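The structure appears right after this line, and notes come after that.
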Amino acid sequence: MNDASLVSVITATYNMGRYVAGTIDSILAQTHPAVEVIVVDDGSTDDTPAVLSRYSADARVKIVRQDNAGQTVAKNRGLREATGEFVGFCDADDLWRPAKLALQLPHFEDEDVGVVYGNFQFIDGAGRPIETYRPPTYSGRITAELLVDNFVHFPTALVRRSIIEEEGGFDESLSMGIDFDLWLRISVDHDFLFLPDILVDYRIWEGQMSHRTGERLDNAFKLMHRFLADHPGCVTGVQKRRAWAHTYVSRGLWKTRRGERTAGAADLARAFAQRPWDRRLWTSLAKLLLRRQV
């Protein structure tokens with residue numbers, strides 16, 4: 001891709017006045033020059049409008065305001081405003097590294113590649129680096145691996161806009177896991193490419209949406225059921241059982257740690273029924289037993 005390839009970057013924000021300017025500035029600081037930033041203010045009640053007004057004279061930044069409707073509706077609104085050949089997403093508390101787009105765009109010379117994603121660094125509320133867990137990653141046709149766990153870190157991804165439009169954008173019936181749902185749908189017909197470079201600083205702080213674990217897990221079950229119904233044969237039976245086992249273990253552990261032992265045990269039993277030899281299941285059970293004996 002050359003320097004003329006326009007990238008639309010969508011930031012949906014709600015009451016993120018303390019962070020959103022840093023996010024926008026990190027996008028505008030890209031070494032790839034052709035960038036448009038679309039900020040959708042989803043009915044903020046803090047100082048976000050005042051912060052965003054600082055960018056009113058910058059032709060690269062488009063501010064869209066709407067009544068509060070949730071992140072999914074806000075991101076779809078941003079997609080409708082996008083004009084670039086490629087689309088990226090940066091939540092209003094995260095930061096892009098300056099070379100992110102310059103590192104990703106050349107890989108789209110391969111027409112089979114639909115999504116290029118990469119590594120990330122966790123930072124705290126003050127922007128200081130903290131210990132970062134990074135899951136295993138894959139390139140190519142990744143549906144089977146992706147169904148087990150969403151390893152395509154949302155703010156690192158760059159996507160062809162035409163592909164997102166083909167898929168109809170984000171599913172507004174989901175409140176969380178909307179990127180997981182989109183990546184699964186795209187993965188059926190397009191290659192993903194992983195870059196080992198750190199592309200994004202991802203903020204971990206007390207108010208972020210990713211702390212809503214129960215809601216995220218419930219949405220994961222919902223979208224997995226629908227995806228498999230809509231795409232029969234996209235994965236093998238063995239791959240499907242591995243994915244269900246992993247997801248049941250995740251919810252079972254979460255419920256158990258919350259003190260919901262009966263519900264947690266039921267999910268772990270469902271994982272066993274799907275994949276009795278699942279390593280993660282038995283490792284988790286061993287840890288739970290050891291904890292109860294301490």
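The values are calculated or read from the model by the stated rules, or taken from the named source; none is laboratory data. Worth saying up front: this structure is predicted, and the values here are computed from it rather than measured. Cβ sites come from the backbone with ideal geometry, for glycine too, and all protein chains shown count toward neighbours. To get the accessible areas, we keep the full protein, side chains included, count just its heavy atoms, and leave off ligands, DNA and RNA. Shrake-Rupley method; radii C 1.70, N 1.55, O 1.52, S 1.80 Å.
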Next on the checklist: With angles folded into 0 to 90 degrees, how steeply does helix 213-230 sit against the dominant principal axis of the chain? Use alpha carbons for both and round to 10.
Outcome noted: 90
Next on the checklist: Probe radius 1.4 Å, ligands and nucleic acids ignored: give me the carbon and sulfur share of the accessible area of the range 64-140 as a rounded percent.
Outcome noted: 49
Checklist outcome for this item: Rounded to whole angstrom, the alpha-carbon centroid of the range 98-165 lies from that of the range 221-294 at a distance of 25
Checklist entry - For the Cα atoms of the chain, what angle does the longest principal axis make with the long axis of helix 261-274, in degrees from 0 to 90, nearest 10? => result 90
Checklist outcome for this item: Relative contact order in percent for the chain (Cα pairs under 8 Å, 6+ apart) equals 17
Next on the checklist: Accessible area of the range 197-290 with a 1.4 Å probe: how many percent of it is carbon plus sulfur?
Outcome noted: 56
Item to check | Length-normalised contact order for the range 68-196 - Cα pairs under 8 Å, 6+ apart - percent | outcome: 39
Checklist entry - Ignoring ligands, DNA and RNA, what accessible area per residue does the range 50-204 give at 1.4 Å, in Å²? => result 41
Checklist outcome for this item: One would report the antiparallel percent of DSSP beta bridges in the range 1-149, rounded to the nearest 5, as 5
Checklist entry - Going out from 0 in 5 Å bins, what whole percent of all Cα-Cα distances in the range 145-215 drops into each bin? => result 3, 12, 23, 25, 20, 13, 3, 0
Checklist outcome for this item: Per the 1/(1 + (r/R0)^6) rule, R0 = 30 Å and r from the Cβ atoms of Ala126 and Ala102, FRET efficiency to 0.05 is 0.60
Checklist entry - Ratio of Rg to Rh for the range 41-180, alpha carbon only, Kirkwood? => result 0.95
Next on the checklist: If I take every Cα pair under 8 Å that is 6 or more residues apart in the range 22-95, average their sequence separation and divide by the length, what percent do I get for the relative contact order?
Outcome noted: 42
